[in-house]
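I have placed the structure first, in the form of structure tokens, so that the comments after it can refer back to it.
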Amino acid sequence: MSNNTDTFESFGIGFQNCVLQGLITDRVFFEKSFETLKDDYFTSDAHKTLWTEIRKLFNKYNTPPSYETVKVEISTMPDGALKEDTIEVLLDIQTRVNRQEIEYAKDKSIEFCKNMSMKQAILKSVDLLKEGRYEEIQSTIENSLKINTEQDLGQDFFDSFESRRQVHTRQTIPTGFPLLDQENILDGGLAAGELGVVMAPTGGGKSFMLVNFGYGALAAGKNVVHYTFELSESHVGNRYDSRITGIPTKELISRQTEAANQMQRFSGGKLFIKEYPPKVATINTIKFHIGRLISNDIEPDLIIIDYGDLMKSRRGYEQKRFELESIFEDLRALSMEIKKPIWTATQSNRDGFNDEVITIDKVGEAINKAHVVDFFGTFSQRKFHVGKNRMGQANVNFNIDMKPDRSFIDLNDDVPTGFTTTDKLSNLLNGTNENKIGSLYRTYKDGVNG
């Protein structure tokens, strides 16, 4: 038998009648309760039967039923004590007129359902604790708090045109690459709640690219938090030193005074570098650290994760691709929750290792990683390819100029040499440079026109 704290027993039968009446007469209350009110919360079979029939009728006709509809449905039940008790309860709730009692029952039942959701999550967490599945505990608790009782109708599209222009302006963090930040690509950079990913083969420069994104934000006066799971904090710091000063990493010590002077002249945002071992940090690790920064009056503008593939999923998966998909879904959710843009990286598969232009289908292990992101760029030693872009144009290529010793990367327009076959022929025939084909063509043309 259920504990009376797990049911409406302590509230009494009259309270349960009021709850059922509210479900039939108040659509808003019905919608709030539909997903969370369990049969087992009622203490009599008659009340349970009524709630079951009300839900069945709603699922069939997509609208809360009336008294008459429920009465007809109950009348088809086999004769017996349950049928009689159910009809008696239905008649009682149909004639109840004390509005104060009904409103009280609606409020209390919603509160009860929320508390029960939390209680069940805590009990489940005890089992997770025994099994050592620590990272699932927080998500279980968080999900229990997501009972949806919101009744907002949403945005009236045509009436809210002006407000959308004001509210929905993206507050972007620049990448520092003019070609990426231009209006038709990222339109200023990544904005709050957006996740950007760059992909390259092993040793292809993913970490260098992320340092350059960090530098671009710092140069714009923004605060950056750079998480590293592969390189040490000092190693990443040296790369930023080189990118800011232009001094090769290996010469930073021998040119220490020069480097220090240039660092002092750099007027940018704050940079925090935090190191975690590979496959140790989860999304909660990042969330808690960001919380500590904010509690110390350090407000990040941009989060860099170097890189997502090296994080640990909050949920354990036997197959690596499911774990990676989960990590990138969590990163997107985190960017939306904390309202900060996040840049991270991922690794391409072996097929993309020798490609001049690496396309999005070369994602290593799990192609679904690309489905949840807002921007997906790939790069080889020569080409940067915009594979997916919710902010603007995609399937665009740029040339890459990379100087690893200085942690420097630049992008420039991918202007093809020679253009089309027609253009090439035109250049040969009419070009300013003297060539045998052009000379013969002009002699022939002059002869025809003469």
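Order Lys108, Lys56, Lys83, Lys130 by their accessible area, 1.4 angstrom probe, all chains in place, largest first. Intermediate results must be reported in sequence, preceding the final value.
Working: Lys108 65, Lys56 120, Lys83 30, Lys130 160 Å².
In descending accessible area the options line up as Lys130, Lys56, Lys108, Lys83.
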Quick one: how many Å² of Trp343 are accessible to a 1.4 Å probe, rounded to 10? 0
Counting only protein chains, not ligands or nucleic acids, how are Val72, Val372, Val28 ordered by accessible area (probe 1.4 Å), most first? Val72, Val28, Val372
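With a 1.4 Å probe and all protein chains in place, put Arg332, Arg406 in order of accessible area, largest first. Before the final figure, lay out the partial values.
Working: Arg332 50, Arg406 85 Å².
Final ranking, largest accessible area leading: Arg406, Arg332.
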Throw me the Rg/Rh for segment 252-357, computed over C-alpha atoms with Kirkwood Rh, two decimals. 1.07
Neighbour net charge for Ile400 - beta-carbon separation under 9 angstrom, K R +1, D E -1: 0
Area of Thr52 that stays accessible when all protein chains are in place (1.4 Å probe, Å², to 10): 40
State in Å² the accessible area per residue of segment 48-127; use a 1.4 Å probe, count heavy atoms of protein chains only, and round to the nearest integer. 61
Net charge near Ser75 (other residues with Cβ under 12 Å of its Cβ; Lys, Arg +1; Asp, Glu -1) is -3
Ignoring everything but the protein chains, give the 1.4 Å probe accessible area of Thr76 in square angstrom, nearest 10. 100
Straight-line reach check, Lys383, cutoff 21 Å on alpha carbons, 8 or more apart in-chain or any other chain, hits among lysines -> Lys206, Lys362, Lys403
Counted charge near Ser207, where neighbours are those whose Cβ lies closer than 10 Å (Asp, Glu -1; Lys, Arg +1): 0
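Please go through segment 246-336 and write out the chymotrypsin sites (Phe, Trp or Tyr not before Pro) that DSSP classes as loop and that have at most 14 other C-beta atoms within 10 Å. It would help to have the intermediate numbers written out before the result.
Values: sites: Phe266, Phe272, Phe288, Tyr307, Tyr317, Phe322, Phe328; in loops: Phe266, Tyr307, Tyr317.
Here the sparse-neighbourhood loop sites are Phe266, Tyr317.
The values are calculated or read from the model by the stated rules, or taken from the named source; none is laboratory data. The model shown is predicted, which means the values in this text are computed figures rather than measured ones. So basically every Cβ, Gly included, is an ideal-geometry build from the backbone, and we count neighbours across all protein chains shown. Ligands, DNA and RNA are excluded from the accessible area calculation, which covers all protein heavy atoms including side chains. Shrake-Rupley method; radii C 1.70, N 1.55, O 1.52, S 1.80 Å.
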